[in-house]
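K.L.:
Here it is, the structure, as structure tokens.
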Amino acid sequence: MALVSLRSIPTYALVALLLVLTSTAFAQGNYQTVEWTDLIPKDDLEAFLNPPDSINEIKDGSDADKIASQIKAALDAPGDDPYQQALVSTKVIAEFDGKAIRIPGFIVPLEFGVDRHHITKFFLVPYFGACIHVPPPPPNQIVYAEFKKGFKLSSLYDPFWLYGTIKTTIVENDTATAAYSIEVDSIRPYTEE
């Protein structure tokens, strides 16, 4: 490989390269970090933080003790109970619509690209196993994601940072309902920062 002297590169090419590198670096830092609780409207969050007394009266290990039973009850008859309503809430924070964000989470694959190795559509969820081993979280705690480029997922146990533009759009399928969606710009392995 031949080395190229900077003097042999035209000035306009160097300026263009610097602009690309600078705008990419700026864009990387231009994403608002979002926590999962940021996506929950105040009244739903308040309901989760103050569950009804009847929750404490449920016998450990009984059918009613399982989150699946609570979600089923909420779906069947949410009534006026704010806690039951919050379990199935599709309410969103409207101010997030169209924002460039980054959010951590776990991936639930939904669709693969033509090579069958790269995931192109998936749900992002706040904890491992959501939508797979246990009932799904409330819809406002699920983000439907599309990543046209696709990526290879080594393990469902691995958390990731998603960078992209979030929308307050409801997406439903057989697995779950998401109250948010995101057009993914990039995906990175999760690290605490």
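Residues checked against (1) part of a helix (DSSP H, G or I); (2) in contact with a strand residue (DSSP E or B) (Cβ under 6 Å, 6 or more places away or on another chain); (3) modelled with pLDDT of 65 or more:
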| site | (1), (2), (3) |
| --- | --- |
| LEU3 | no, no, no |
| VAL15 | yes, no, no |
| LEU18 | yes, no, no |
| ILE55 | yes, no, yes |
| ILE71 | yes, no, no |
| ALA74 | yes, no, no |
| GLN85 | yes, no, yes |
| SER89 | no, no, yes |
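K.L.:
Report, by residue number, each residue of the range 36-53 that is without any contact (Cβ under 8 Å) to a residue 60 or more places away in the chain and outside any helix (DSSP H, G or I). Outline the logic, then answer.
P.N.:
Residues of the range 36-53 without any contact (Cβ under 8 Å) to a residue 60 or more places away in the chain: 37-38, 42-43, 45-53.
Once the filter is applied, which keeps residues that are without any contact (Cβ under 8 Å) to a residue 60 or more places away in the chain and outside any helix (DSSP H, G or I), the range 36-53 yields ASN50, PRO51, PRO52.
K.L.:
Can you spot a residue in the range 96-108 that is without any contact (Cβ under 8 Å) to a residue 60 or more places away in the chain and open to solvent by less than 60 Å² (accessible area, probe 1.4 Å)? Lay out the reasoning, then the answer.
P.N.:
Narrowing the range 96-108 to residues without any contact (Cβ under 8 Å) to a residue 60 or more places away in the chain: 106-107.
Now restrict to residues that are open to solvent by less than 60 Å² (accessible area, probe 1.4 Å): 106-107.
Within the range 96-108 (the criterion being without any contact (Cβ under 8 Å) to a residue 60 or more places away in the chain and open to solvent by less than 60 Å² (accessible area, probe 1.4 Å)), the answer is yes, since at least one residue qualifies.
Residue-by-condition table, conditions (1) open to solvent by 50 Å² or more (accessible area, probe 1.4 Å); (2) touching a helix residue (DSSP H, G or I) at 6+ places or on another chain (Cβ under 8 Å):
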| site | (1), (2) |
| --- | --- |
| PRO137 | no, no |
| ASN140 | no, yes |
| LYS148 | yes, no |
| GLY164 | no, no |
| SER181 | no, no |
| ARG188 | yes, no |
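K.L.:
Here is a follow-up. Of the numbered conditions (1) over 10 Å from the mean Cα position of the chain (by Cα); (2) open to solvent by 30 Å² or more (accessible area, probe 1.4 Å), ALA130 satisfies every one except a single condition; which is it?
P.N.:
(2)
K.L.:
Consider PRO139 carefully, then state whether it is touching a strand residue (DSSP E or B) at 6+ places or on another chain (Cβ under 8 Å), touching a residue at least 60 places away in the same chain (Cβ under 8 Å) and within 24 Å of PHE48 (Cα to Cα).
P.N.:
Spelling it out, it is not the case that PRO139 is touching a strand residue (DSSP E or B) at 6+ places or on another chain (Cβ under 8 Å), touching a residue at least 60 places away in the same chain (Cβ under 8 Å) and within 24 Å of PHE48 (Cα to Cα).
The values are calculated or read from the model by the stated rules, or taken from the named source; none is laboratory data. Keep in mind the model is a prediction, meaning the values are calculated, not measured. Ideal geometry is used to build each Cβ from the backbone, glycine not excepted, and the neighbour counts take in all protein chains shown. These accessible areas exclude ligands, DNA and RNA; they are computed on the full protein's heavy atoms, side chains included. Shrake-Rupley method; radii C 1.70, N 1.55, O 1.52, S 1.80 Å.
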